[in-house]
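S.K.: Before I ask anything, here is the structure I am working with.
The values are calculated or read from the model by the stated rules, or taken from the named source; none is laboratory data. Note that the structure is a prediction, hence the values are computed from the model and not measured. Note: ideal-geometry Cβ built from the backbone for every residue, glycine included; neighbour counts use all protein chains shown.
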Amino acid sequence: MKNFIIFLVLQAGWSLVHAQNPVLTLGDCIDHAQQFSYMLTADDARVDAAQQNARLAATYAIPKVSGELGREDRLLKPFFFNQNWALIHADWSLGDYLLKTDQAAKEQITVAQLTKELTRLNAISRVTSLYMGILFP
């Protein structure tokens with residue numbers, strides 16, 4: 001009976017030690033590296049900024065037209081004056097349209113996405129190298 005109690009105490013201690021320190025697989029390590037990488041977070045921000053710039057560049061090639069209409073009445077003692085006026089303003093950045101500035105901005109999105117992918121692959125490579133270094137010293 002005494003040996004059985006010692007066995008139970010040792011078994012409980014063994015299970016506590018292993019419950020507190022779970023074994024991480026290579027996939028778990030890679031997921032943690034991708035989730036907590038500040039470089040990948042920064043690359044996400046770069047991709048978002050490139051997308052915003054592409055949307056903004058696309059608006060430069062669109063003609064902008066605005067207009068105003070007005071009327072003013074003035075009464076001087078012997079005379080009555082009124083004035084009507086209209087103003088139309090058109091603005092079109094023809095250079096941005098001809099040079100396809102929005103296409104260049106869209107290419108920057110692709111560059112930012114590929115840079116993010118390169119950073120992700122570098123993180124996976126480093127984690128895998130460290131993991132293998134621990135397993136096979």
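S.K.: Given Thr110, Thr115, which one is in a helix (DSSP H, G or I), modelled with pLDDT of 90 or more and surrounded by 13 or more Cβ atoms within 10 Å (Cβ to Cβ)?
M.R.: Exactly one of Thr110, Thr115 is in a helix (DSSP H, G or I), modelled with pLDDT of 90 or more and surrounded by 13 or more Cβ atoms within 10 Å (Cβ to Cβ), namely Thr115.
S.K.: If Ile62 satisfies all but one of (1) outside any loop (DSSP other than H, G, I, E, B); (2) out of contact with any Gly (no Cβ under 8 Å at 6 or more places or on another chain), what's the number of the condition it fails?
M.R.: (1)
S.K.: Got at least one residue in region 96-103 being loosely packed, with under 14 Cβ neighbours inside 10 Å, closer than 30 Å to Gly27 by Cα and either among the polar types (S, T, N, Q) or within 19 Å of the chain's Cα centre (by Cα) (or both)?
M.R.: Scanning region 96-103 turns up no residue that is loosely packed, with under 14 Cβ neighbours inside 10 Å, closer than 30 Å to Gly27 by Cα and either among the polar types (S, T, N, Q) or within 19 Å of the chain's Cα centre (by Cα) (or both).
S.K.: Restricting attention to region 23-40, report how many residues are in contact with a Ser or Thr (Cβ under 7 Å, 6 or more places away or on another chain) and more than 10 Å from Lys116 (Cβ to Cβ).
M.R.: Of all residues in region 23-40, those in contact with a Ser or Thr (Cβ under 7 Å, 6 or more places away or on another chain) come to 26, 39-40.
Subsequent filtering for residues that are more than 10 Å from Lys116 (Cβ to Cβ) retains 26.
Adding up the residues that qualify gives 1.
S.K.: For region 41-71, what are the residues that are under 18 Å from Leu114 (Cα atoms), crowded, with 16+ Cβ neighbours inside 10 Å and of a type outside the set (Lys, Arg)?
M.R.: Asp43, Val47, Ala50, Gln51, Asn53, Ala54 - these are the residues of region 41-71 that are under 18 Å from Leu114 (Cα atoms), crowded, with 16+ Cβ neighbours inside 10 Å and of a type outside the set (Lys, Arg).
S.K.: While we're on this one: Taking the stated definitions as given, is Ala86 of a type in the set (Gly, Ala, Ser), on the phi < 0 side of the Ramachandran plot and assigned to a helix (DSSP H, G or I)?
M.R.: For Ala86, the condition - of a type in the set (Gly, Ala, Ser), on the phi < 0 side of the Ramachandran plot and assigned to a helix (DSSP H, G or I) - is not met.
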